[in-house]
Amino acid sequence: MARRISILAAALALVAAISATAATAAPTSYSGRARPLSFGAFGVGASIGDTGALPASGGSQSASLTNINVLGLVSVGLLQGTTSGTGDESTSQASLVSVSLPIVGLTVDVVKSETTASCSGTTPSVSGSAQLVNIAVLGMPITVAMPNVALTVPGGFSVMLNEQKSSISGTQGSITVNAIHVTGPGIDLVVASAESDITCG
């Protein structure tokens, strides 16, 4: 009899421990942002069409603008950004139409970056991509088939296409994709930046 009581007590203690662990487990939290166009030039900086940071509780945020011209550095016909977090997934997307960057002689019909950070249980994973339709630099068509394609153009400027940065650490996953990143004397310009982050609960 005493043995049965001992086994029952042990079973109840195990159930209580499992319940306590489940009750104290943190829920999945989200972070992310879409910045269709951001720049720093000669001490002046701005982010145009920025969705703002996604709250840890998730949800959805978006922004869009048309006919943008920034200091003669870049012109855009249309830009849009969205970021969202729900269930086991955080996603962001930035897209632009009719982009021209005269400082590096770059033109592109459509630019889009997409990122996803997701959970399988408490294990995170990330993915991302960039699309550049009919892109040309100094009149020469460019094919972008892989991440982190680096170009050097006259005037001391560097251009990175499909720039990707990601990390996985424990239950946290993070990824950022910049479709076009131009740096040079006094200039730091990013076109179509999407970021997604998640902490798996």
Reported set for segment 28-44 where residues are more than 21 Å from G128 (Cβ to Cβ), open to solvent by 60 Å² or more (accessible area, probe 1.4 Å) and in a strand (DSSP E or B) is V44
Filter result (part of a strand (DSSP E or B) and touching a residue at least 12 places away in the same chain (Cβ under 8 Å)) within segment 126-144:
V126, S127, G128, S129, A130, Q131, L132, V133, A136, V137
Are there any pairs with C-beta distances below 9 angstrom linking a residue in segment 40-59 that is within 25 Å of S29 (Cα to Cα) to a residue that is assigned to a loop (DSSP other than H, G, I, E, B), with the two at least 6 apart or on different chains, and if so which?
S57/P27; G58/T28; G58/G87
Selected residue (only one of P27, P55 is under 22 Å from the mean Cα position of the chain (by Cα) and at pLDDT 95 or above)
P55
Evaluation of V104 against (1) open to solvent by less than 20 Å² (accessible area, probe 1.4 Å); (2) closer than 14 Å to S31 by Cα (one fails), failing number
(2)
Unmet requirement for S90, which otherwise passes all of (1) at pLDDT 90 or above; (2) on the phi > 0 side of the Ramachandran plot
(2)
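Does S47 satisfy being among the polar types (S, T, N, Q), touching a helix residue (DSSP H, G or I) at 6+ places or on another chain (Cβ under 9 Å), open to solvent by 20 Å² or more (accessible area, probe 1.4 Å) and closer than 17 Å to H181 by Cα?
It is false that S47 is among the polar types (S, T, N, Q), touching a helix residue (DSSP H, G or I) at 6+ places or on another chain (Cβ under 9 Å), open to solvent by 20 Å² or more (accessible area, probe 1.4 Å) and closer than 17 Å to H181 by Cα.
Residue-by-condition table, conditions (1) within 14 Å of the chain's Cα centre (by Cα); (2) modelled with pLDDT of 95 or more; (3) within 23 Å of G85 (Cβ to Cβ); (4) surrounded by fewer than 14 Cβ atoms within 10 Å (Cβ to Cβ):
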site: E114; (1), (2), (3), (4): yes, yes, yes, no
site: S129; (1), (2), (3), (4): yes, yes, yes, no
site: M140; (1), (2), (3), (4): no, no, no, yes
site: V149; (1), (2), (3), (4): no, yes, no, no
site: T152; (1), (2), (3), (4): no, no, no, yes
site: N162; (1), (2), (3), (4): yes, yes, no, no
site: Q172; (1), (2), (3), (4): no, yes, yes, no
site: V177; (1), (2), (3), (4): yes, yes, yes, no
site: E195; (1), (2), (3), (4): yes, yes, yes, no
Which condition breaks for A145 when tested against (1) open to solvent by 40 Å² or more (accessible area, probe 1.4 Å); (2) within 18 Å of the chain's Cα centre (by Cα); (3) among the hydrophobic types (A, V, I, L, M, F, W, C)?
(2)
Checked against (1) over 18 Å from the mean Cα position of the chain (by Cα); (2) open to solvent by 30 Å² or more (accessible area, probe 1.4 Å); (3) under 21 Å from G40 (Cα atoms); (4) in contact (Cβ under 8 Å) with a residue 24 or more places away in the chain, D109 satisfies every condition except (3)
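The values are calculated or read from the model by the stated rules, or taken from the named source; none is laboratory data. If you're wondering where the values come from, they're calculated on a predicted model, not measured in any experiment. Cβ sites come from the backbone with ideal geometry, for glycine too, and all protein chains shown count toward neighbours. Note: accessible area is taken over every heavy atom of the protein model, side chains too, but ligands, DNA and RNA are not part of it. Shrake-Rupley method; radii C 1.70, N 1.55, O 1.52, S 1.80 Å.
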